[in-house]
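Reviewing the structure listed below.
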Amino acid sequence: MKVLSVVGARPQFVKAFPVSEALGTHEHVLVHTGQHYDRELSDVFFEELPIPEPDVNLGVGSGTHAEQTGSMVAELDTVVARESPDVVLVYGDTNSTLAAALVGAKRDVRLAHVEAGLRSDNRAMPEEINRVLTDHCSDLLFAPSERAVETLAGEGVTEGVHEVGDVTYDALLAVRDRARDRSRVLDRLGHDDGEYILATVHRAANTEDEQRLAAIVEGLADAPLPVVFPAHPRTIAALKAADGIGDLPESVHLVDPVGYLDFVRLLDGAERVATDSGGVQKEAFYLDTPCVTMREETEWIETVEAGWNVLVGADAGAIRRNLGRRFAVTEKPQPYGDGNTAERIVRALDRTIEAAPVEDAVRG
Ligand code: UD1
Ligand code: UDP
């Protein structure tokens with residue numbers, strides 16, 4: 001079978017690496033849209049993870065949602081027409097995901113979505129639009145949890161749905177020990193295991209709203225331990241625009257984004273993590289690091305139900321309090337599979353394509 005994967009943003013490089021390994025000898029064309037282009041948001045992942053260099057980089061870069069998504073659609077359409085894959089595989093919920101989904105659907109190529117069925121139920125979040133639209137034009141929907149399957153069923157989507165687990169769990173298990181043995185990030189940044197809080201912020205709702213960003217900075221500044229803060233470039237830009245960098249006390253150690261191995265090491269060694277990331281909430285759960293999520297809702301509600309994650313919004317007091325409190329965690333459930341998600345995805349793709357090759361596929 002011939003699979004064309006579309007990636008473009010940091011978390012998608014992480015999700016694509018176990019899948020690309022599991023694809024083995026199948027033909028795999030990897031397309032990078034260029035949504036992320038800074039070395040620390042893109043190249044570093046290809047350098048340290050066993051993922052092949054992209055076959056194509058569309059170099060689309062930043063812009064408004066319309067400009068970015070529109071350019072991707074136009075460029076991807078040419079690539080998909082030229083490559084004529086059996087399946088277009090998309091990951092997560094970024095503009096790169098939506099653009100590839102539109103191209104797959106319009107070209108009548110089989111479309112498969114990894115991380116299907118997740119919802120924040122907040123339509124003001126750009127990713128929510130991307131998820132809903134992608135799910136509703138996918139032929140194969142790889143759901144990470146039972147709840148995601150139920151959510152899809154609630155929206156009338158039942159055909160082609162496979163509960164496979166979370167592919168980022170595969171990714172994490174593949175690098176966790178290597179990160180513990182090889183990463184020198186704690187020495188480099190001058191922090192000790194268990195004696196710091198890790199923070200990440202990049203969500204549009206937090207970076208584009210000065211009041212929310214100021215409250216987050218205040219909460220982190222009052223944290224009970226030093227804070228290591230590898231900041232996304234849009235967050236640095238927002239802090240500069242709001243003159244917020246000057247407000248960061250010495251206890252908040254602002255650094256550039258780090259590579260995946262170093263990030264996993266930082267998350268593993270952290271006493272707590274404060275984040276608005278989707279991926280980081282789950283990775284924290286897998287690594288037994290309590291998580292304080294600076295949002296009002298989450299797509300990964302099972303981590304909250306299990307007591308490992310708490311939603312605090314952009315409220316300085318709640319951030320500070322929750323970074324300082326004990327988390328009463330009991331036995332840990334395993335809602336997102338067993339770390340063999342990529343293999344399940346490839347088996348399901350293979351079976352579907354064997355059963356109905358592209359030319360015979362009957363499309364809904
Ligand atoms: C995107 C995704 C988000 C995902 C995140 C992962 C969308 C709508 N958002 O958000 O779902 O969680 O990636 O990190 O697809 N920039 C740089 N260098 C880069 C890339 C971006 O400086 O390499 C700056 C630019 O000023 C750009 C801004 O960051 O305008 C936002 O980038 P963009 O890709 O639009 O969204 P992210 O915030 O990265
Ligand atoms: N990550 C990383 N370096 C960093 C911050 C995050 O490698 O400095 C990884 C992290 O381990 C996770 C992914 O990037 O796998 C999450 O990306 P992000 O938070 O940007 O996006 P989201 O998951 O919210 O879409």
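Can you pull out every residue in the stretch 236-249 that is open to solvent by 40 Å² or more (accessible area, probe 1.4 Å), closer than 16 Å to residue 199 by Cα and in a loop (DSSP other than H, G, I, E, B)?
Across the stretch 236-249, the qualifying residue is only 249.
When you scan the stretch 187-200, do you find a residue that is closer than 28 Å to residue 320 by Cα, open to solvent by 70 Å² or more (accessible area, probe 1.4 Å), at pLDDT below 95 and not in a strand (DSSP E or B), even just one?
The answer is no, given that none of the residues of the stretch 187-200 is closer than 28 Å to residue 320 by Cα, open to solvent by 70 Å² or more (accessible area, probe 1.4 Å), at pLDDT below 95 and not in a strand (DSSP E or B).
Just checking, does the stretch 64-75 include any residue being part of a loop (DSSP other than H, G, I, E, B), within 13 Å of ligand 1 (Cβ to nearest atom), surrounded by fewer than 20 Cβ atoms within 10 Å (Cβ to Cβ) and free of Cβ contacts under 8 Å to residues at least 12 places away in the same chain?
Yes, the stretch 64-75 has at least one match.
Here is a check on your reading of the model: is residue 314 among the aliphatic types (A, V, I, L, M), outside any strand (DSSP E or B), in contact (Cβ under 8 Å) with a residue 40 or more places away in the chain and away from ligand 2 (no atom under 14 Å from the Cβ)?
Yes; evaluated as a whole, the condition is true for this residue.
Looking at (1) more than 14 Å from ligand 1 (Cβ to nearest atom); (2) surrounded by fewer than 19 Cβ atoms within 10 Å (Cβ to Cβ), which one does residue 89 not meet, given that it meets all the others?
Checking residue 89 against (1) more than 14 Å from ligand 1 (Cβ to nearest atom); (2) surrounded by fewer than 19 Cβ atoms within 10 Å (Cβ to Cβ), the one that fails is (2).
I need the full set of residues from the stretch 280-300 which are in contact with a Pro (Cβ under 9 Å, 6 or more places away or on another chain) and open to solvent by 30 Å² or more (accessible area, probe 1.4 Å), in order please.
none
Could you look through the stretch 158-177, keep only residues that are part of a loop (DSSP other than H, G, I, E, B) and open to solvent by less than 20 Å² (accessible area, probe 1.4 Å), and pick out the one that is farthest from ligand 2 (Cβ to nearest atom)?
The selected residue is 164.
Looking at residue 252, is it of a type outside the set (Lys, Arg) and open to solvent by 20 Å² or more (accessible area, probe 1.4 Å)?
Against the criterion (of a type outside the set (Lys, Arg) and open to solvent by 20 Å² or more (accessible area, probe 1.4 Å)), residue 252 does not qualify.
Go through (1) open to solvent by 20 Å² or more (accessible area, probe 1.4 Å); (2) in a strand (DSSP E or B); (3) not charged (D, E, K, R) one by one and return the number of the condition residue 122 breaks.
Of (1) open to solvent by 20 Å² or more (accessible area, probe 1.4 Å); (2) in a strand (DSSP E or B); (3) not charged (D, E, K, R), only one is false for residue 122: (2).
Under 18 Å from the mean Cα position of the chain (by Cα), within 14 Å of ligand 1 (Cβ to nearest atom) and at pLDDT 95 or above: does that describe residue 38?
Spelling it out, residue 38 is indeed under 18 Å from the mean Cα position of the chain (by Cα), within 14 Å of ligand 1 (Cβ to nearest atom) and at pLDDT 95 or above.
Any residue at all in the stretch 5-21 that is within 16 Å of ligand 1 (Cβ to nearest atom), farther than 28 Å from residue 151 by Cβ, assigned to a loop (DSSP other than H, G, I, E, B) and in contact (Cβ under 8 Å) with a residue 60 or more places away in the chain?
Taking every residue of the stretch 5-21 in turn, none turns out to be within 16 Å of ligand 1 (Cβ to nearest atom), farther than 28 Å from residue 151 by Cβ, assigned to a loop (DSSP other than H, G, I, E, B) and in contact (Cβ under 8 Å) with a residue 60 or more places away in the chain.
The values are calculated or read from the model by the stated rules, or taken from the named source; none is laboratory data. Quantities reported herein were computed from a predicted structural model and do not represent experimental measurements. Virtual Cβ from ideal backbone geometry, glycine too; neighbours counted across all protein chains shown. For the accessible areas, the whole protein counts, side chains as well, though only heavy atoms, and no ligand, DNA or RNA atoms are used. Shrake-Rupley method; radii C 1.70, N 1.55, O 1.52, S 1.80 Å.
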